[in-house]
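Peer 1: Pasting in a structure now, in structure tokens, and then I'll have a few things to ask.
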Amino acid sequence: MSGPAGPGRLLIRDLEQLATPRGSGAPLRGPALGDVEVIEDAFLLTDGDRIAGMGRMTDLRPLDGDVEELDGRGRCAVPGLVDCHTHACFGGDRVEEFALRAAGASYEELHAAGGGILSTVLATREAGEAGLREAVGRHHVWMLRAGTTTFESKSGYGLDLETELVSLRVIAEEGGIPTWLGAHAVPPEFGDADAYLDFALREVLPQAAELAEAADVFLERGAFDAAQARRYLEACRDAGLALRLHGDQFTEAGAIPLAIELGARSVDHLEAMGDGGVRALARSGVVGVLLPASALFLDRPMPPARALVDACAAVAVATDFNPGSAFCASLPLVCSLAATQLHLSPAEALAAVTVNAAHVVGRAGRNGRLAPGYDADIVLLDAPDWRYLAYHLGGPVVAETIVAGVPTRLG
Ligand code: NIG
Ligand code: FE
């Protein structure tokens, strides 16, 4: 007996434009980062969960058999967006803290006073498995509505054995790519960071390594220092996990040299990085993940994105969606910030949220491009020009998100 029928063929016809990062490599850097192929008056054909063909309408040949058709008039197609840095698994919210920050309190002060990340740790422990599943599911719908078809999410708000493992499991069950952020903060039941890491590496890592694809650490004043981050990351690498770092968010504390030495996939944030960091990152294979919504939300300086791109560093851009520093699940909004605040071209921003982000989450060659054989993850923009992705600041720019060949019809 055969199982339920999967997606069939879908023909999206009469698109105003189809736009995709060109070529086949990843990550893109230098001039290749801004090299977008644009096909005017285009069609896109999917077969099952893969892209089967694309081109100009004048080159479309009659198709035999069953094909569902979608009208692309007034629409542009771009690859499904890839959010390579989120913290989508949390209980509660931080709206009170948001109001306090609006009145002048700083993020670091609130963190030092036991608020901030630690207040979300308490709410996450209280939420339980069902509450966390409901939360990640709700956040996933927000992302799909905004055109995100692939998302990474970190744990890091449990910081005990049970809640970290539940977080990683729930993220995967809700379709995310789980990263173990076991070194996010020192939870209240531990006196110091080293004692907490003893516990996390001995008790949590063996099972976390079975559930997660990568590990991440918050290397920062008031969180974990470079020696502690090295210890955590080396143990995670030895357990088979890819490595990521939160680094240079508020201070330069050694994240970039450590990321390069350990062959990390990425170092993320970088608002405080200096010229030496730019030069070092540009010479390396580590991707700099830029999070302009977080800088905006905390009223912090933007990372030196233009200098990084001009120095030929590989960069990706992501939301950093989380309850404290970036309550924003929209990559189109982040593309607007990339263009207006980071001074990336719309083409560079597109590559940064598609092909380069796919590389950061280990999905290069499968996600982040419109090309035959890639996953049929597609965003249809309600726009006559694909650059509206960045141009339409905060607007309803996503008309339809297609995942694995199936329109989500979320509206
Ligand atoms: O990437 N900086 C560390 N972690 C998160 C914020 C987490 C929070 O404030 O809850 C970030 O910005
Ligand atoms: Fe983050």
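The values are calculated or read from the model by the stated rules, or taken from the named source; none is laboratory data. Remember, predicted model here, so these are calculated numbers, not experimental data. Cβ sites come from the backbone with ideal geometry, for glycine too, and all protein chains shown count toward neighbours. Only protein heavy atoms, including side chains, enter the accessible area calculation; ligands, DNA and RNA are left aside. Shrake-Rupley method; radii C 1.70, N 1.55, O 1.52, S 1.80 Å.
Peer 1: Which residue pairs have Cβ atoms under 6 Å apart, sit 6 or more places apart or on different chains, and have a first residue in region 7-35 that is farther than 14 Å from Asp377 by Cα and open to solvent by 50 Å² or more (accessible area, probe 1.4 Å) and a second that is not in a loop (DSSP other than H, G, I, E, B) and not acidic (Asp, Glu)?
Peer 2: Arg13/Phe43; Glu16/Cys76
Peer 1: Pick from Gly34, Gly92: which is away from ligand 2 (no atom under 16 Å from the Cβ), closer than 30 Å to Ala282 by Cα and at pLDDT 95 or above?
Peer 2: Selected residue: Gly34, the only one of Gly34, Gly92 that is away from ligand 2 (no atom under 16 Å from the Cβ), closer than 30 Å to Ala282 by Cα and at pLDDT 95 or above.
Peer 1: Report, by residue number, each residue of region 66-83 that is among the acidic types (Asp, Glu), part of a strand (DSSP E or B) and surrounded by fewer than 24 Cβ atoms within 10 Å (Cβ to Cβ).
Peer 2: Correct list: Glu68, Glu69, Asp71.
Peer 1: Something else about it: Given the residues Pro372, Pro332, which is the only one that is out of contact with any Pro (no Cβ under 8 Å at 6 or more places or on another chain), touching a residue at least 12 places away in the same chain (Cβ under 8 Å), under 19 Å from Val36 (Cβ atoms) and outside any loop (DSSP other than H, G, I, E, B)?
Peer 2: Pro332
Peer 1: Regarding region 141-155, can at least one residue be identified that is more than 14 Å from ligand 2 (Cβ to nearest atom), open to solvent by less than 40 Å² (accessible area, probe 1.4 Å), in contact with an Asp or Glu (Cβ under 8 Å, 6 or more places away or on another chain) and free of Cβ contacts under 8 Å to residues at least 60 places away in the same chain?
Peer 2: Looking for residues that are more than 14 Å from ligand 2 (Cβ to nearest atom), open to solvent by less than 40 Å² (accessible area, probe 1.4 Å), in contact with an Asp or Glu (Cβ under 8 Å, 6 or more places away or on another chain) and free of Cβ contacts under 8 Å to residues at least 60 places away in the same chain, one finds none in region 141-155, hence no.
Peer 1: Hey, could you check region 84-100 for residues that are assigned to a loop (DSSP other than H, G, I, E, B) and away from ligand 1 (no atom under 11 Å from the Cβ) and say which is surrounded by the fewest Cβ atoms within 10 Å (Cβ to Cβ)?
Peer 2: Gly91
Peer 1: Return yes or no: is Leu63 away from ligand 1 (no atom under 11 Å from the Cβ), surrounded by 16 or more Cβ atoms within 10 Å (Cβ to Cβ), more than 27 Å from the chain's Cα centre (by Cα) and more than 29 Å from Asp299 (Cα to Cα)?
Peer 2: So Leu63 does not fit the description; no.
Peer 1: In the set Pro206, Pro188, which member is more than 22 Å from Ala318 (Cα to Cα), open to solvent by 50 Å² or more (accessible area, probe 1.4 Å) and in contact (Cβ under 8 Å) with a residue 60 or more places away in the chain?
Peer 2: Pro188
Peer 1: Scan region 51-70 and report the pairs whose first residue is among the acidic types (Asp, Glu) and whose second residue is surrounded by fewer than 16 Cβ atoms within 10 Å (Cβ to Cβ), with Cβ atoms within less than 6 Å and a gap of 6+ or a chain change.
Peer 2: If the second residue must be surrounded by fewer than 16 Cβ atoms within 10 Å (Cβ to Cβ), the pairs left are Asp66/Gly8.
Peer 1: So, one more: Name every residue in region 383-411 that is within 16 Å of Leu18 (Cβ to Cβ) and assigned to a strand (DSSP E or B), in order of residue number.
Peer 2: Val398, Ala399, Glu400, Thr401, Ile402
Peer 1: On the given criteria, is Phe224 open to solvent by less than 30 Å² (accessible area, probe 1.4 Å) and within 16 Å of ligand 1 (Cβ to nearest atom)?
Peer 2: yes
Peer 1: For the condition under 20 Å from Arg306 (Cα atoms) and free of Cβ contacts under 8 Å to residues at least 60 places away in the same chain, what is the one hit in Glu271, Glu261?
Peer 2: Of Glu271, Glu261, the one residue that is under 20 Å from Arg306 (Cα atoms) and free of Cβ contacts under 8 Å to residues at least 60 places away in the same chain is Glu271.
Peer 1: Next question, about the same structure. Being open to solvent by 40 Å² or more (accessible area, probe 1.4 Å) and out of contact with any Leu (no Cβ under 7 Å at 6 or more places or on another chain) is the filter here, so list the residues in region 172-185 that pass it.
Peer 2: Glu173, Glu174, Gly175
Peer 1: Among the residues of region 101-121 satisfying the criterion of being free of Cβ contacts under 8 Å to residues at least 24 places away in the same chain and of a type in the set (A, V, I, L, M, F, W, C), which is nearest to ligand 1 (Cβ to nearest atom)?
Peer 2: Step by step, filter region 101-121, then rank; the result is Leu110.
Peer 1: Continuing with the same structure: Enumerate the pairs (first residue in region 278-290 and hydroxyl-bearing (Ser, Thr, Tyr); second residue anywhere and part of a helix (DSSP H, G or I)) with beta-carbon separation below 8 Å, excluding pairs fewer than 6 apart on the same chain, so at least 6 apart or on different chains.
Peer 2: Ser284/Ala259; Ser284/Ile260
Peer 1: Continuing with this model, one more query. Quick one: in region 160-170, which of the residues that are away from ligand 1 (no atom under 16 Å from the Cβ) and in a helix (DSSP H, G or I) is most open to solvent (accessible area, probe 1.4 Å)?
Peer 2: Glu162
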